[in-house]
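Everything below concerns the one structure shown next.
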């Protein structure tokens with residue numbers, strides 16, 4: 001019954017329109033609710049008093065909670081949720097199978113304050129995903145209260161990862177990465193982690209049919225203050241999703257699609273299986289960190305009368321402009337020198353032409369990437 005090729009083909013029929021930007025704030029979430037008839041329930045408020053909502057689907061005995069944007073600047077999971085909800089509303093045979101076996105609660109935006117200013121942290125600078133022990137953030141209490149009363153058997157925790165990650169030793173970007181979080185420093189594998197690994201293995205098996213080689217495994221060291229690690233310790237299988245880069249997809253719309261397909265595949269596996277083989281989980285290549293957004297090779301940089309031939313590595317950051325109320329892509333130099341071990345999402349050979357910056361003829365680390373090299377002109381990381 002589950003055919004990921006058909007789902008991939010049909011994706012445009014359940015893709016939620018109007019959410020093409022990677023920046024998704026609280027007002028955009030409310031615009032979605034105004035467009036849809038989907039019933040929502042307020043389960044709490046953020047530090048600044050913005051509502052935190054839950055949406056529920058299905059009638060099955062197996063109960064699952066999925067949440068997104070506990071880091072406010074990580075929206076790929078939220079947008080994929082909208083797509084999955086549309087898929088459910090099509091009421092296909094596959095959707096009926098999932099919803100008759102599962103009851104699924106969605107929290108699309110746990111950190112609305114952070115989403116409004118495109119930041120990882122909440123309104124007072126707390127990383128909610130590192131606040132399990134101290135419990136100082138308003139939002140972690142909303143999540144914990146929902147889990148305490150929800151009687152869930154499985155948790156899905158949706159995040160985004162940076163563009164730096166590649167899959168294993170390959171040159172393919174890690175478009176999606178998964179993790180079965182550890183519950184101790186030794187990274188022991190108990191029945192809880194085994195089930196988590198098995199769910200991930202099932203999703204990976206399907207994803208390899210549509211994006212072969214683009215799925216990685218996130219690093220598994222124990223984070224004592226993190227939610228996933230502690231939920232695992234408490235006995236909840238907790239699947240960590242990390243949405244990453246797909247070629248030429250900086251707004252992460254292709255990534256969002258594959259995220260949605262992965263979520264549906266995971267739901268189907270949980271809905272229809274009682275055993276979750278995990279023997280191939282560790283065969284999923286672990287993330288590498290070899291990517292830069294732009295690499296310029298063989299650039300002549302000068303300081304006084306002396307010059308050197310170097311490679312320049314540029315990384316994009318998304319920064320919130322409060323005055324304009326928008327998110328801008330800012331490009332900075334983060335590596336200078338011999339960058340042969342790195343891969344660029346874009347690579348250019350400058351052929352030993354001279355670097356000309358705004359004030360100097362050599363770049364500085366963490367400096368905005370605005371310069372000329374021969375006929376190559378770059379303004380804030382954008383080739384013009």
For this session: Quick one: count up the residues across region 173-191 that are in a loop (DSSP other than H, G, I, E, B) and either surrounded by fewer than 19 Cβ atoms within 10 Å (Cβ to Cβ) or touching a residue at least 60 places away in the same chain (Cβ under 8 Å) (or both).
Result: 10
Seminar exercise, completed: Going through (1) on the phi > 0 side of the Ramachandran plot; (2) in contact (Cβ under 8 Å) with a residue 40 or more places away in the chain one by one, residue 94 fails only at (1)
Problem set entry | Positions within region 192-215 being in a helix (DSSP H, G or I), out of contact with any strand residue (DSSP E or B) (no Cβ under 6 Å at 6 or more places or on another chain) and over 22 Å from residue 152 (Cβ atoms), in sequence order | 205, 206
Seminar exercise, completed: The condition from (1) over 30 Å from residue 348 (Cβ atoms); (2) free of Cβ contacts under 8 Å to residues at least 60 places away in the same chain that residue 249 misses is numbered (1)
Exercise. Going through region 314-327 one residue at a time, which ones are touching a residue at least 12 places away in the same chain (Cβ under 8 Å) and under 23 Å from the mean Cα position of the chain (by Cα)?
Worked result: 314, 315, 316, 317, 318, 319, 320, 326, 327
Seminar exercise, completed: Residue count, region 269-293, condition outside any loop (DSSP other than H, G, I, E, B) and either in contact with a strand residue (DSSP E or B) (Cβ under 9 Å, 6 or more places away or on another chain) or closer than 16 Å to residue 174 by Cβ (or both), comes to 11
For this session: Look through region 76-93, keep the residues that are farther than 29 Å from residue 235 by Cβ and touching a helix residue (DSSP H, G or I) at 6+ places or on another chain (Cβ under 7 Å), and return whichever of them is surrounded by the fewest Cβ atoms within 10 Å (Cβ to Cβ).
Result: 90
Exercise. In region 135-155, which residues are assigned to a helix (DSSP H, G or I) and free of Cβ contacts under 8 Å to residues at least 24 places away in the same chain?
Worked result: 144, 148, 149
For this session: Output the number of residues of region 192-222 satisfying the condition of being under 19 Å from the mean Cα position of the chain (by Cα), surrounded by fewer than 16 Cβ atoms within 10 Å (Cβ to Cβ) and over 15 Å from residue 172 (Cα atoms).
Result: 2
Problem set entry | Filter result for residue 45 (under 25 Å from residue 153 (Cβ atoms) and in contact (Cβ under 8 Å) with a residue 24 or more places away in the chain) | no
Problem set entry | Subset tally (residues that are buried (at least 16 other Cβ atoms within 10 Å of the Cβ) and either part of a helix (DSSP H, G or I) or not assigned by TED's automatic domain parsing to the domain that holds residue 57 (or both)) for region 9-29 | 5
For this session: Answer with yes or no whether residue 314 is within 30 Å of residue 25 (Cβ to Cβ) and assigned to a strand (DSSP E or B).
Result: yes
Exercise. If we keep just the residues of region 116-131 that are over 16 Å from the mean Cα position of the chain (by Cα), surrounded by fewer than 19 Cβ atoms within 10 Å (Cβ to Cβ) and in contact (Cβ under 8 Å) with a residue 40 or more places away in the chain, which is nearest to residue 22 (Cα to Cα)?
Worked result: 117
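The values are calculated or read from the model by the stated rules, or taken from the named source; none is laboratory data. Values in this document were obtained by computation on a predicted structure and should not be read as measured data. In this analysis, Cβ positions are derived from the backbone assuming ideal geometry, glycine residues included, and neighbour counts consider all displayed protein chains.
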